[in-house]
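The values are calculated or read from the model by the stated rules, or taken from the named source; none is laboratory data. Only a predicted model underlies this, so the values are computations on that prediction, with no experimental measurement involved. Because the Cβ atoms are built from the backbone with ideal geometry, glycine has one as well, and the counts that use them run over all protein chains shown.
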Amino acid sequence: MIYDANNVLTDCIVRDEYKKYWSCFHSSLSDPLFWYKTGKKLKEINTRIEQIEKSLVGLEADLKKIIGWILDTQETLLRIAIVGMGGLGKTTIAQKSFMIMRLGKKVSGFDSSQLLGEFQQVLADKTCLIVMDDVWGMNVEWWTTLCSIFPKRDGKSSCIIITRRNENAANDMGVEIWSLFSKFAFSSNKGICPNPKFEKIGKDIMKKCGGLPLAIKTIGALLAPKIVSLANWTQIWESFHDLTTEGRNTSVMASLQLSYDELPSHLKQCLLSLSIYPEDFEVRTEQLIHWWVGEGLIQGKGSKSAIEMGYEYLLQLVKRCLVEAVQQRRYDLRIYNCKIHDMVRELISMNAQEEAFCSFDEKGRQKLTEEYRCNLKEINAEELFKWISSLKRLANLNLAKVRGLESVPCSIRKLRNLQLLVLTKCADLKRIHPSITTLRKLILLGLRSCPLDNLPRGLGGLSNLQELSGFVVMSKPKGNCCQLIELGELKQMRVLRINLSDDTEASENELNVLAHVENLKVLGIDAGNCKRNTSEILKKMDWLVPPPALQELYLRNYHHSTLPLWVCPSRLTRLQYLSIENGDLINLTSEVEDDNHHIAWNIEGLCLKFLARLDVNWTDLQNDMPVLRYMEVSHCYKLKGFPCSVKSQAVLEKKSGSWQKY
């Protein structure tokens, strides 16, 4: 039902975008039929809400009793606890009580200190009813503080309703594979149990797990962040015990269900999306996170974009042992590929169907209606975009590696809700229609490894664009071609990957433009298309002024003996990761560096690949990069004194003052 309501809202937003775009062509865009259909959909949703509200079969007496207590109490603060097993209707009763009392302030997603602050602000001089649903654990100090912030006045009463799982516990002892449990549960203490009381609860849980590694890892990861409170561990144990004694749950499923229930709502939605993939399927993280962003499951936070937050969300799911990282960069734990255990898939598939996230056939495969089926091998580009442009709500379009796609037509303008457009490795793509510049919601445009000669003028008007890859640096203005100088208008840009070619030429004004993109954190420069004038073109790029907040720099196919003049510690003070792949570098210093005034880099991660002429001494490198803690080296034959083979691929990481190979 929530998804249906969101679709109605999206339809209205898309229509509003159309209205803005066409207002200069049409004096009126009144559409009684559209508003009639929208009203009908809203009426149907409201009817379904009313039906849900009435579905309190068997709970009427309990509800009536609670409302009576609230209305008849003489206490200044009434406390009500609704306790029972999962599925008995605790939340339903609490929600209905709240609605009957007609109080409308809802808070969620806060930690305990934030929650207390929010309560104190809202409760000032008011009579209140607060519902705290599905409370796992609450220490005495926090509870006492919460009760103290309620206003206390004669003749005025407030009430707290708490729902929580049943409090039954077993006292059996178990010792199976304790070390595996300790590795996850006490990860913050190097796998060592800090207190005998935690050990006792942990061994009780181990016995229930029956020695099954998935159950042990999952429940251990769930308990790890709660190591500061014995009460929280006790609560998890009690809930775990209840689930395993209900009859239908094995220890594995019980541990997974507990971990799922513990997730905040945004992580639940992200995890449910993985249910559409087959068993043991390796999921490309980039595609997955793009989907999350397009669906609105994640939002940017502070200086971090929605895509950056997506990687953080996925890492949280990995740490909870609900998702397995198949390929991961050790430097920053960036996950490239992931998958889920078949039992995790079984759990989230059930939850996905219950929450109407998606549906599955009898073989466990996602059901797709004819409306969403399209065989790309049997359709030409014109027909493809005619079909795609009919999907008005579409937010994420990935056509990577599609063959025969020679152009993106003007019909792309109809996708007013489009936020992510990925055309990576479309080997036949030669042209993109200028109407792409009307997609004001676009935050990502991926054009890597596409044989584009240029991009349309006007990209600088895409004010929400945060990531652009495959940007072609042109020589001089050619009709409606986009120039490098336009990128200075993209103030939200976080990631930029540009391509250089034999035709690349940039003026001084253009080379200064990136200095004005203050949020740019990742910059990639690929000179792979430079065949004739490589040295001359790369010398011109020496005068590029780097963005002030740059944290990661990637240089590919850089066939020049020295680094660009601006790649030096005095200019790139915030640079943390440097990757140089395939080139003719002789050393890692630029021509203008002064040997008499040594400035060290702040680089923590370094990647050097296919640099046959690079002549660097390990001791010198450590002096130049004193905080270096991670390295990837491959096919750099002239490196000296390195603690690994420099001929084949090696990964080095510094731990406890010494370098280790992985």
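Observations on the model:
- Conditions (1) touching a helix residue (DSSP H, G or I) at 6+ places or on another chain (Cβ under 6 Å); (2) at pLDDT below 80; (3) under 19 Å from residue 320 (Cα atoms); (4) in a helix (DSSP H, G or I); number of the one not met by residue 244: (3)
- Flag for residue 560 being in the same structural domain as residue 601 (by TED's automatic domain parsing), at pLDDT 85 or above and either crowded, with 16+ Cβ neighbours inside 10 Å or within 30 Å of residue 418 (Cα to Cα) (or both): yes
- Just one residue in the set 459, 511, 496 is crowded, with 18+ Cβ neighbours inside 10 Å, more than 21 Å from residue 577 (Cβ to Cβ) and modelled with pLDDT of 90 or more; that residue is 459.
- Flag for residue 633 being aliphatic (A, V, I, L, M), in contact with a Phe, Trp or Tyr (Cβ under 9 Å, 6 or more places away or on another chain) and part of a strand (DSSP E or B): yes
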